[in-house]
Protein chains: 2
Amino acid sequence: MIHKVEITNWFKKLQDDICHQLEVLDGESTFIEDKWLRPEGGGGRSRAIKDGAIIEKGGVNFSAVEGSMPAHVLKVLHVDVDKEQSLQFYATGVSIVLHPRSPMTPIIHMNVRYFELSNGIWWFGGGIDLTPHYVNDALASDFHSHLKKVCDSCDPTYYNKFKNWADDYFFISHRNETRGIGGIFFDRLNATSGLAKNELWTFVQNVGESFVPLYSHQVQQTQELPYGENEKKWQLLRRGRYVEFNLVLDRGTKFGLQTNGRTESILMSMPPHADWEYAHQVDEDSREKDTLFKLRKGIDWIK
Amino acid sequence: MIHKVEITNWFKKLQDDICHQLEVLDGESTFIEDKWLRPEGGGGRSRAIKDGAIIEKGGVNFSAVEGSMPAHVLKVLHVDVDKEQSLQFYATGVSIVLHPRSPMTPIIHMNVRYFELSNGIWWFGGGIDLTPHYVNDALASDFHSHLKKVCDSCDPTYYNKFKNWADDYFFISHRNETRGIGGIFFDRLNATSGLAKNELWTFVQNVGESFVPLYSHQVQQTQELPYGENEKKWQLLRRGRYVEFNLVLDRGTKFGLQTNGRTESILMSMPPHADWEYAHQVDEDSREKDTLFKLRKGIDWIK
């Protein structure tokens, strides 16, 4: 059975590969790296990029942390333990958020992670979702079709299940709109799924490896599209919504900030600039209005 | 004893007065008003201003809402009721956040509010705090001295108590820094304080009426100060921290967004533009570094 050390090393290599390929894709900027140690155990490699030709601001973070997890935190994770019992935990993963320069290119997020406890409990989690400033039906279809293939290669039920999960998770309730066109989201994937650990690990690897082809395609199809002040202004407002989701609702962000995680690594997901306007209204028959109409759950993007 | 109707009407008039005086102070922009009704009972008047000579974006909101409060919400408020019992609540107040154009002028926030339940429980709450992009010791002293006078006129223990409460409340734990130079914060002020309801109401009125003189002074002393690109850049980063506090930590914001409050009114506190930069560093011996050094609890600003 796959061991946490192999998983950790593979995630490290995934980070290396993705950073290298993103630097090639961008063509101008490169990543800077901060290695950090967590006093309670473990650490990470945060990599940040900015002011690129394609990527205005982004991060590709790896971490592998461990330590003691007290009963009240285990309870939040719905892990049954005797009162006052604590367990040792190990958590490793790769997290990515990229904010492109062009408002015609979508924001992308990916996370793949592995978690285990000293009582033998383990699970995988992860997801990829796309946040176009302007929704393009054909590119949304390409994105979801690719994800469906990744899912289908493992289990024919996964795409529907994880697509709906993403719709529910990446939902800005106080705005009654989804963060973008969704993607896939999964958590606590373990042997109760009916698949063996090695099979699930292969799935998670496939998700991780799909990131660069998925995003490269979105970039290639959008980077030459013209835009002006109007589109830049809209991009900044949409980034404001991205900030709202991440700071108000994202479980990973909230958990990280509350548990004394490394703030700069957690908040690498923030955009370089964001705007807010009181009660902003979009014009009738505009592309902005069309996008807002498409920020809802349950759309079948694959046509 | 003062009745909720009188309190409500006074808050409405406070909103009118403050908006009028801020329009005079600004000299260029005026407020727009949105009246709104809450399906469950009550409503409000949200007033927003933007693109002024002094105020780049701001809001002065009044609301008076009522309805049924279920046991689990009462529990959050530490109100003891029998299981499953619900009570009628009434809540009214004025909330203000102003983001000035000049990075040399501070952001300001004020809130005054009244809450009562059908079982006879009532309390006042509120606060004023200042968030300079650049901390100026003399102006911080002026701000706190004025607040101390407002507090002292009611109770000689209030300033210290409410100043420390503000230090603790307006603290961005994940950044280990205060939001600004603090001010005063108080909650659940009722007859257990030893003062009668009418006396507490006079205090709350005095806090409300101190807003315009307090901010006018800060504006007058800073509006002619020169600034350039460097200061504007810093202002945007500090506004990013303001966003972090409001979305991650502010109880009113979180409660409002979670309980289906009016999102646009709640998020009037957001700045027009905000920036984030991975692991931003300030120069040694810079005014930015001096400001960061002063964003901590327990400073006695009155000298």
Exercise. Which value, in Å² rounded to 10, gives the accessible area of A:H20 with a 1.4 Å probe and all protein chains present?
Worked result: 110 Å²
Problem set entry | Chain A Cβ-axis minimum, rotational copy B, residue and distance in Å | A:L247, 2
Problem set entry | Whole-percent carbon and sulfur share, accessible surface of the protein assembly as shown, 1.4 Å | 50 percent
Problem set entry | Cleavage-rule hits (GluC sites (Glu not before Pro)) in region B:1-85: DSSP loop, at most 16 neighbouring Cβ within 10 angstrom | B:E28, B:E40, B:E84
For this session: Keeping every protein chain in place, order B:D187, A:D129 by accessible area at 1.4 Å, biggest value first, i.e. largest first.
Result: B:D187, A:D129
Exercise. Lysines near A:K75 by alpha-carbon distance under 17 Å, same-chain residues fewer than 8 away left out - which ones?
Worked result: A:K83, A:K254
For this session: Using a 10 angstrom cutoff on alpha carbons, build the Gaussian network for chain A and name the most mobile of A:N111, A:N206, A:N198.
Result: A:N198
Seminar exercise, completed: With the 1.4 Å probe rolled over protein heavy atoms, the protein assembly as shown has an accessible area per residue in Å² of 44 Å²
Problem set entry | All lysines inside 21 Å of A:K289 as judged from Cα atoms, apart from same-chain residues fewer than 8 positions distant | A:K232, A:K233, A:K297
For this session: Round to the nearest 10 and give me the degree value, 0 to 90, for the angle of helix B:4-26's Cα axis relative to the longest principal axis of chain B.
Result: 20 degrees
Problem set entry | Amide H within-cut-off set for A:M104, under 5 Å, with H built and near neighbours excluded | none
Seminar exercise, completed: Sorted by chain and then number, the residues having a modelled amide H within less than 5 Å of the amide H of B:V135, at least 5 places away or on another chain, are B:T291
For this session: Evaluate peptide A:276-284: per residue, the Cβ atoms of other protein chains within 10 Å of its Cβ; return the mean as an integer.
Result: 5
Seminar exercise, completed: Whole-Å distance linking the alpha carbon centroid of region A:174-219 with that of region B:87-151 is 45 Å
Exercise. Separation of region A:62-79 and region A:239-281 by C-alpha centroid, Å?
Worked result: 22 Å
Seminar exercise, completed: Here the whole-number average of other chain Cβ atoms within 10 Å per Cβ of B:239-246 is 3
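The values are calculated or read from the model by the stated rules, or taken from the named source; none is laboratory data. Computed from a predicted model, the values in this text were never measured in an experiment. Virtual Cβ from ideal backbone geometry, glycine too; neighbours counted across all protein chains shown. All accessible areas refer to the heavy atoms of the entire protein, side chains included, with ligands and DNA or RNA removed. Shrake-Rupley method; radii C 1.70, N 1.55, O 1.52, S 1.80 Å.
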